[in-house]
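The values are calculated or read from the model by the stated rules, or taken from the named source; none is laboratory data. These numbers were taken from a predicted model, which means no experiment stands behind them. Note: ideal-geometry Cβ built from the backbone for every residue, glycine included; neighbour counts use all protein chains shown.
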Amino acid sequence: MILMPELYQQLMALFLQLLIALVAVIACAMSHYRILQFLERRIMNAFTGAYGLIVLFCGITVSQLFAALWFTFAFQASITMDLGNVSGGTLNPFIELFYYSIINLTTLGLGQIEASDHLRFLAGVEAMTGFLLVSCSASVLIRYMKH
């Protein structure tokens, strides 16, 4: 069966978008794991009580911001490759993408900025990744509070 040229082109664009998403997910997972590993080693041995919890919260927040940054780069790469675009923002394009990435990562899903075309797949993958990262972070917080 020979695919129509338009369908083939769309499937290749989707494949490329999913590949970009996979790279972003791997980058997020690795950086989040390393930061959590560092925090667990340093915080659980050095701090107790509320001070340690505050430091742990700040470290996890930084880790989440790094994850949003990885996806911001993925969105920018996808836009550069003409896989889609975002609309609705009025600030600097990088800042808008970073904001959009934070909204997706937290699964908040505010509708001020919207993705089009294949960027919607990247946004969905980012939301799933954010859910997993929050779950991993919660397990570290629970271990600290039990410690």
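Worth a mention:
- For region 104-137, filtered to residues that are hydroxyl-bearing (Ser, Thr, Tyr) and closer than 16 Å to Gln17 by Cα, the residue that is modelled with the lowest pLDDT is Ser116.
- Taking the criterion of being closer than 21 Å to Val25 by Cβ, in contact with a Ser or Thr (Cβ under 8 Å, 6 or more places away or on another chain) and not aliphatic (A, V, I, L, M), the residues of region 72-93 that qualify are Thr72, Phe75, Gly84.
So that you can scan it fast, the table gives a plain yes or no per residue for (1) at pLDDT 95 or above; (2) more than 11 Å from the chain's Cα centre (by Cα):
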| site | (1), (2) |
| --- | --- |
| Pro5 | no, yes |
| Ala29 | yes, no |
| Arg34 | yes, yes |
| Arg41 | no, yes |
| Gly52 | no, yes |
| Phe57 | no, yes |
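- Among the residues making up region 104-131, those that are hydrophobic (A, V, I, L, M, F, W, C), free of Cβ contacts under 8 Å to residues at least 60 places away in the same chain and under 25 Å from Gln37 (Cα atoms) are Leu105, Ala127, Met128, Phe131.
- Every residue from region 80-96 that is assigned to a helix (DSSP H, G or I) and either surrounded by fewer than 18 Cβ atoms within 10 Å (Cβ to Cβ) or among the hydroxyl-bearing types (Ser, Thr, Tyr) (or both): Thr80, Pro93, Phe94, Ile95
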